[in-house]
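The values are calculated or read from the model by the stated rules, or taken from the named source; none is laboratory data. The structure presented is a predicted model; accordingly, all values stated were derived computationally and were not measured. Every residue, glycine among them, receives a Cβ derived from its backbone with ideal geometry; neighbour counts consider all protein chains shown.
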Amino acid sequence: MEAALERCDTLFTMGHHVEGLGTIVVHEKDPSPEVQWRLARAIFKEAEFKGSVPKHKAIEASLKILTKNLEIAPDCWNSHVWFAIILGCKEKHESFKQQIEEAFIIREHLDKCIELNPESELAHHVLGQWCYKVASVSWLQKKTAATLFAKPPESTFEEAVSHFKKAEELSPAIFNGNHLCLARTLIDMGRKQEAPEYLKKCLQITEEKKTDKDTLDNIEEAQKLAKKLGLKL
């Protein structure tokens, strides 16, 4: 089993999500929390990458697996971070109120993950994204949220930057999406002069990442952002 889990993780890192699902799905009846969170991740990533099933269906199935997994193993930090990631990828909500409620749930899972494993660079990266999105909410949306909740989600670009930098500190060779997010946040803060350092890092990838679609998409986005702002990389 250990070899299968390692193989699943390697395929995930390389962006081979179809093969990754094939590796772990044969063990789907195994109740081990370490199997189940990887199964949820693989179902979601395969749908996102290939689309063999509708994305919303994959999200629903993955969240169901993770919910059950957390009932059995509430201290499985990987279940918490992937619950947050997958819930955050929902594209449709029944209402603005539901969207805000889920924002609170995402934050709770990320905070719990970091409590259980302060060394999780993934959790810090995702929390940085959460902070960036919340800080970017328009004035009108904030006013609307305030009518629905006594205290709606709050954050700042500074908090986002702190989590992106913490993720990089924990893993200097972190996935290039972290560098892209950090550069974008700094630009939105008016600190454009600091962005090239992270956009350049976004372009520097390891051999195993050269086939990963997310990595390649981040490189393309970094190049577009640099060109738009007249930055030389």
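Screening segment 6-33 for residues that are within 21 Å of Glu71 (Cα to Cα) and touching a residue at least 40 places away in the same chain (Cβ under 8 Å) and picking the one that is nearest to the chain's Cα centre (by Cα) gives Pro33. Inside segment 162-181, residues that are out of contact with any Asp or Glu (no Cβ under 8 Å at 6 or more places or on another chain), under 23 Å from Glu220 (Cβ atoms) and buried (at least 17 other Cβ atoms within 10 Å of the Cβ) make up a count of 3. Considering each residue of segment 47-70, count those that are more than 20 Å from Ser32 (Cβ to Cβ) and assigned to a helix (DSSP H, G or I), and give that number. Adding up the residues that qualify gives 9. Against the definition (loosely packed, with under 14 Cβ neighbours inside 10 Å, part of a loop (DSSP other than H, G, I, E, B) and among the charged types (D, E, K, R)), how does Glu119 come out, yes or no? It is true that Glu119 is loosely packed, with under 14 Cβ neighbours inside 10 Å, part of a loop (DSSP other than H, G, I, E, B) and among the charged types (D, E, K, R).
Exactly one residue out of Thr156, Thr185 is outside the structural domain of Glu119 (by TED's automatic domain parsing) and more than 12 Å from Glu121 (Cα to Cα): that is Thr185.
Only a single criterion out of (1) part of a helix (DSSP H, G or I); (2) under 12 Å from the mean Cα position of the chain (by Cα) is not satisfied by Ile187, namely (2).
Residues that are in a helix (DSSP H, G or I), under 14 Å from Trp130 (Cα atoms) and not aromatic (Phe, Trp, Tyr) within segment 88-112 comprise Gln99, Ile100, Glu101, Glu102, Ala103, Ile105, Ile106, Arg107, Glu108, His109, Leu110, Asp111, listed in sequence order.
Okay, residues lined up against (1) farther than 30 Å from Phe96 by Cα; (2) part of a helix (DSSP H, G or I); (3) in the same structural domain as Asp111 (by TED's automatic domain parsing); (4) at pLDDT 95 or above:
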{"residue": "Leu140", "(1), (2), (3), (4)": "no, yes, yes, no"}
{"residue": "Ser162", "(1), (2), (3), (4)": "no, yes, yes, yes"}
{"residue": "Lys200", "(1), (2), (3), (4)": "yes, yes, no, no"}
{"residue": "Lys232", "(1), (2), (3), (4)": "yes, no, no, no"}
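Scanning segment 169-176 for any residue that is free of Cβ contacts under 8 Å to residues at least 24 places away in the same chain and not in a helix (DSSP H, G or I) turns up at least one such residue.
Looking across segment 75-87, not a single residue is part of a loop (DSSP other than H, G, I, E, B) and either touching a His at 6+ places or on another chain (Cβ under 9 Å) or modelled with pLDDT under 95 (or both). Taking the criterion of being of a type in the set (Ser, Thr, Tyr) and loosely packed, with under 15 Cβ neighbours inside 10 Å, the only residue of segment 74-101 that qualifies is Ser95.
Mind checking whether some residue in segment 63-73 is modelled with pLDDT of 95 or more and closer than 25 Å to Thr211 by Cα?
Going residue by residue through segment 63-73, those that are modelled with pLDDT of 95 or more are 63-73.
Imposing the further condition that a residue be closer than 25 Å to Thr211 by Cα reduces the set to none.
The answer is no; no qualifying residue exists.
Report yes if Glu71 is within 15 Å of the chain's Cα centre (by Cα) and either crowded, with 21+ Cβ neighbours inside 10 Å or acidic (Asp, Glu) (or both), otherwise no. For Glu71, the condition - within 15 Å of the chain's Cα centre (by Cα) and either crowded, with 21+ Cβ neighbours inside 10 Å or acidic (Asp, Glu) (or both) - is not met. Outside any helix (DSSP H, G or I), surrounded by fewer than 17 Cβ atoms within 10 Å (Cβ to Cβ), modelled with pLDDT under 95 and not assigned by TED's automatic domain parsing to the domain that holds Trp82: is that true of Ala150 in this structure? Spelling it out, Ala150 is indeed outside any helix (DSSP H, G or I), surrounded by fewer than 17 Cβ atoms within 10 Å (Cβ to Cβ), modelled with pLDDT under 95 and not assigned by TED's automatic domain parsing to the domain that holds Trp82. Residue-level check: of (1) buried (at least 21 other Cβ atoms within 10 Å of the Cβ); (2) without any contact (Cβ under 8 Å) to a residue 24 or more places away in the chain, Ala3 misses just (1).
Considering Arg107, Arg184, which residue is over 21 Å from Gln223 (Cβ atoms) and at pLDDT 95 or above?
Details: Arg184 fails: over 21 Å from Gln223 (Cβ atoms).
From the options Arg107, Arg184, the qualifying one is Arg107.
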